[in-house]
Structures are given as structure tokens and as C-alpha cells.
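Asker: So that we are looking at the same thing, I have put the structure below in C-alpha cells.
The values are calculated or read from the model by the stated rules, or taken from the named source; none is laboratory data. Quantities reported herein were computed from a predicted structural model and do not represent experimental measurements. As a convention, Cβ positions derive from the backbone with ideal geometry for all residues, glycine included, and neighbour counts pool all protein chains shown. SASA here: full protein model, heavy atoms, side chains in, ligands and nucleic acids out. Shrake-Rupley method; radii C 1.70, N 1.55, O 1.52, S 1.80 Å.
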Amino acid sequence: MIKKVAALRGAALSALLLASAAIATPAVAEGEVNIYSYRQPFLIEPLLEAFTKETGIKANVIFASDGLAERIEAEGANSPADVLLTVDIGRLDGAKQLGITQPVSSEVVNGNVPAAYRDPEGHWIGLTTRARIVYASKERVEQDAITYEELADPKWKGKICTRSGQHVYNVALFASMVSHLGAEEAEKWLAGLRDNLARKPSGNDRGQVQAIFAGECDISLGNTYYMGAMLTNEKEPEQKDWANSVKILFPNAGDRGTHVNISGVVMAKHAPNPDAALKLVEFLSSEEAQHIYAEANNEYPVKPGVEISEMVASWGELNADTLPLDEIAKNRKTASELVDKVGYNDGPAS
């Protein structure tokens, strides 16, 4: 069984965590691994239960929606954290830049995770991938193929919804466009996308699908796994209606491929249980764990040969962009600056 140390939500609670490193601190002991997780408990519980069953190592978990990387930095050498689980190359590389990680050297990990999904120096390791795709109205969008470049075409004027341009998911996509087009052309593209917005960017990825369902726009940007989350949402069944009103288009499927990002793990610089932490990282990259990720979370496994879920397969074949994620990480600052420069979050120009 997993020992749940805390499941904390919200910025205020995360601030409390930062203010007192003693709150809900897991015990440091042999045969334990202490996990700080941005990934919600229900997403990782099946994985950690399987890990404990296989290894006998107890998994202690602290969850928070933000602030955990900063907490590890504040705790310094006294931090009980062994690993940090998070999503997006920006957050993984951010942990590295914060100086709270250490490199992982493992033939097992290197054999399971392709180099494109690992930091060249070993400071972060991808565990799953997700594609940043286009959700399109089944009623109002006839085409079944699209490119990211096309999103700046005036034919989409007033028909696109997105969340904030500064959200990490969009910054990573925009950074990939900087890599492919160069900063000057990426700026022109981003300004064109801004001009095609139906409204000021707001909400999350699910909110954009809701807007399509409501007729406020025809297409939006979103991560693939949100489709699975909406289609299986029994607590808010109206989300099933939103999801059923759209189809998934994989941008640039016919050329360079669709932009993908990752969820991943870093080993804390001062991990008190490094051996147990390494075993956890190796397990999370294993075929068993990758299968659990695929079935429970509707994400794409990083380990080659592990089958995707039946639901994910129903969305069509993913031709993933092979641009190395460390290249995207390098261009995130430029992409973020371009978002502000073109006034993306101000919405469409008059």
C-alpha cells in the first residue's frame, strides 16, 4: 500500500508547504522512497502500488499543484525528497536550472527511454508523452488534416480558442515553432494565430473544448489525454458531450510530425534514499509501468513496443515530431518573450 503523506491543492496550501518544511515530511528510512509529486494522486497510485508490490519499497507521497520544486530548493541538503514527478519539458528543465537535481546513470533507463526523451546529462527522464493536437468541431470543420502553420491562415479568423499563451503547454509548442521556423518567422506566425483568436485566451484545455461545444469557436489547441479524461468523466458527465462534439486532428502528421511533450521524473540533488529512488525511476520506465500509464492515464508510453490504450488508438496514428526536447527547452525563453511581444494574451487585434 502507498503511504499517503499529503494531498494538497491550491497555491495557498503550496505556500504553506514552502513556509514550513516540517509539515507532513515523510520519514527517512531504509526501504522507502519519498516522492514530491505535481501529478495528482489518482494518476500515480496504481503505479506506486505496483512498485511497492514488486520491490517491497514503501512509497511516501506529497502532492501539491505548485511550489514543490521551490520547496526542495528551500530545504536544501536537509530535503527528504528523493524524486520529483512533474509534467512538461519546461518544468523538468526548470528543476534542473534551479539546481535541485542530480544526473541519473542507468543502463535500464537508457534502454527503456529513447534519447530524445532524456536530458543529455541525465537530469530529467521522460516517462510518458502527450501530443499537442487540434480539437475541431465535427459540425463546422470539414477538413481532417491541418498544420500548426495553418493556424495563422486568415481563414480561421475568429474561430480559434486557446488557453493563455504563457501556459507551459503552449510555451513548449511555441518554442518548437521557434526551433522549426526561426524566431522571426515564429513571431509572424504567433501574431497570425493571435489575430485568429475568437476571444482573449482563458481557461484550461478542457475549457476550450467546452467553447467549441458552445459554438464560441471552431478549433482549439489541447493535449491528447484530455479527450480520454473528458470521455470517462462520470462526475461531470457534461464533459462527455463536449468531447463528443469534436474530433482530433494531428497537426503536421504528413511532414515533420505533431509536437509532443512529456511527463517525467528527476532525482533530487540531496536524495536521502538514492538506491530506492533509482529503483523507482527504473520501474517507472519499465514495460509494466508503461502499460499502466497507457491504460490508466491515456498517455503515450515512452518505451518502444508498449501498446497504447484502445481509446488512444481510436484517435488515429501519431506521427511524433522528433525534435529533441532539450532543443525545445532552450527556446522556451524566446517563445515566452514572443508571446508578450505580439500581445497574444490581449486577444485578437482589432
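Asker: If you bin the C-alpha pair distances of the chain every 20 Å from 0, what whole percents do you get?
Answerer: 30, 58, 12, 0
Asker: Right, another one. Give me the net charge of residue 138's neighbourhood, meaning all other residues with Cβ under 15 Å from the Cβ of residue 138; Lys, Arg count +1, Asp, Glu -1. Don't jump to the answer; show the numbers that get you there.
Answerer: Working: positive: 140, 159, 240, 247; negative: 139, 142, 144, 218, 241.
Overall, the nearby charge balance is -1.
Asker: What is the chain's relative contact order, in percent, from Cα pairs under 8 angstrom and six or more apart in sequence?
Answerer: Values: 705 pairs, mean separation 91.1, N = 350.
Once divided by the residue count of the chain, the mean separation gives 26 percent.
Asker: In the chain, what percent of the accessible surface is made up of carbon and sulfur (1.4 Å probe, ligands and nucleic acids excluded)? Could the numbers behind the result be given before it?
Answerer: Details: 7270 of 14570 Å².
Roughly 50 percent, rounded to a whole number.
Asker: Let me ask you something else. Among residues other than residue 301 whose Cβ falls under 9 Å from its Cβ, what is the net charge (Lys/Arg +1, Asp/Glu -1)? Kindly include the intermediate steps, with their values, before the conclusion.
Answerer: Values: positive: 303; negative: 287, 299, 307.
Its environment carries a net charge of -2.
Asker: For every helix of n ≥ 4 consecutive DSSP H residues, a contribution of -39,500 (n - 2.57) applies; sum these over the chain, divide by its total residues, and give [θ] at 222 nm rounded to the nearest 500 deg cm²/dmol. Present the calculation step by step, with values, prior to reporting the outcome.
Answerer: Details: 15 runs with 140 residues, N = 350.
Rounded to the nearest 500, the figure is -11500 deg cm²/dmol.
Asker: Let me ask something else. What is the helix-to-structure angle for 274-284, meaning the angle in degrees between its Cα long axis and the longest Cα principal axis of the chain, kept from 0 to 90 and rounded to the nearest 10?
Answerer: 40
Asker: Please report the spacing between the Cα centers of the range 91-121 and the range 211-244 in Å, no decimals.
Answerer: That distance is 33 Å.
Asker: Measure nothing but the geometry: give the 0 to 90° angle between the long axis through the Cα atoms of 41-55 and the longest principal axis through the Cα atoms of the chain, rounded to 10°.
Answerer: For helix 41-55, the angle is close to 40 degrees.
Asker: If contacts are Cα pairs under 8 angstrom and at least 6 residues apart, what is the relative contact order of the range 120-228 in percent? Provide the component values of the computation, followed by the final result.
Answerer: On the way: 131 pairs, mean separation 48.5, N = 109.
44 percent.
Asker: Oh, and also: What is the Cα convex hull volume of the range 80-153 when expressed per residue in Å³?
Answerer: Numbers: hull volume 11.6 nm³, N = 74.
Dividing the Cα hull volume of the range 80-153 by its residue count gives 157 Å³.
Asker: Highest mean first, how do 306-318, 71-83, 95-107 rank when packing is the count of other Cβ atoms within 10 Å averaged over residues? Can you show the working numbers first?
Answerer: Details: 306-318: 15.4, 71-83: 19.2, 95-107: 16.9.
So the peptides 306-318, 71-83, 95-107, ranked by packing, come out 71-83, 95-107, 306-318.
Asker: Using a 10 Å cut-off on Cβ atoms, rank the peptides 277-283, 343-349, 141-147 from the highest mean neighbour count down. Numbers along the way, then the final one.
Answerer: Numbers: 277-283: 21.7, 343-349: 15.7, 141-147: 13.9.
Top to bottom by mean Cβ count within 10 Å: 277-283, 343-349, 141-147.
Asker: How much of the DSSP beta bridge set in the chain is antiparallel, as a percent to the nearest 5? Before the final figure, lay out the partial values.
Answerer: On the way: 25 of 42 bridges.
Within the chain, antiparallel bridges account for around 60 percent of the total.
Asker: Let me ask you something else. Lys/Arg Cβ at +1, Asp/Glu Cβ at -1, dipole of the range 132-222 taken about the Cα centre: which of 197, 146, 178 is farthest positive-ward?
Answerer: Value: 197.
Asker: Could you provide, to the nearest whole Å², the per residue accessible area of the chain with probe 1.4 Å?
Answerer: Working: 14570 Å² over 350 residues.
Using a 1.4 Å probe on heavy atoms only, each residue of the chain averages 42 Å².
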